[in-house]
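Following: one structure in C-alpha cells, then a few remarks.
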Amino acid sequence: MNIQRIHHVAYRCIDAKDTVKFYTDLLDMEFLLAIAEDKVPSTQEPDPYMHVFLDAGQGNVLAFFEIPTANAMGRDLNTPQWVQHIAFELADMQALLAAKDKLIAANIKVLGPTDHTIFKSIYFFDPSGHRIELAVNTAQPGMLDELKRVAPAMLEEWARTKKAPQHAAWLHSGEKFTGPNESKGEQK
C-alpha cells in the first residue's frame, strides 16, 4: 500500500452554513465544495445530508456532514473533552498569537498558549463543539529524533504497565533537553 496523504477527514456538524462561516472567517480556510444527497451513496439509505469541504492547507481537506434527520449531535461522554480534537499547524508564534487575538475578538474562549516543548498551541471549540488546536512547532534539533528513538520502548512499557513511561519526561518536566542518553543522565 502506498498512502499518499489524508484525502479528507469528516466530522458531523450542527449547521453546515455556520460551520463554513466559522472556518472561512476565523481560520481563513477556503470553502471548496458542497455535496448534498437524499440517499447515502455507500449504503443507499434514505438520509438527506449536506457535506461541505474546506481547504486546511497543503492539500489537506476538512469536511463536515449536516444530517438534519438524525438524533441531535452529541459527543462521547466516556472520553474527556480534551482528547478528541483537530490540530492545525501555523507558521510561527506571531501567527499563533494573531490567531488567538482574532478568536478572542470574535468572542471565542481560547486556552493557551500551552507549551508542549516540541510545540506551543492554543485550544478552542468550533460551533458544533469540536475541540480545535492551533500549533506552532518549537522543537530544538534532536528532540524529534529522540522521541522517535524511544517511542517503541515507551509503547511497550505502556502496554505492560498503563503508567506513563519516563523516556521523554523532559517534555513537560522543565528539564533541559540535552540529546539522546544525556537527557536520562547517562554518559555518551
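Laboratory data are not the source of any read-out in this text; all were calculated from the coordinates shown. Please read these numbers as outputs of a predicted model, since none were measured by experiment. For neighbour counting, all protein chains shown are included, and Cβ atoms are generated from backbone atoms with ideal geometry for every residue, glycine included.
Here are some notes:
- Fewest-first ordering of E37, E66, E157 by other beta carbons within 10 Å of each residue's beta carbon gives E37, E157, E66.
- By the beta-carbon count within 10 Å of each Cβ, the least crowded to most crowded order of D18, D55, D101, D38, fewest first, is D38, D101, D18, D55.
- Straight Cα distances below 24 angstrom link K100 to the lysines K17, K21, K109, K120, with same-chain residues fewer than 8 positions distant left out.
- Phi-based couplings in Hz for the range 46-58 (Karplus 6.51, -1.76, 1.60; Gly and Pro marked x): x, 7, x, 8, 10, 10, 10, 10, 10, 7, 9, x, 6
- Debye, to nearest 20: dipole size of the chain, +1 on Lys, Arg Cβ, -1 on Asp, Glu Cβ: 620
- Only helices enter this figure: runs of n ≥ 4 DSSP H residues, each worth -39500 (n - 2.57), summed and divided by the residues of the chain, yield -8000 deg cm²/dmol at 222 nm to the nearest 500.
- With neighbours defined as other Cβ atoms within 10 Å of a residue's Cβ, the residues H167, H8 order from fewest to most as H8, H167.
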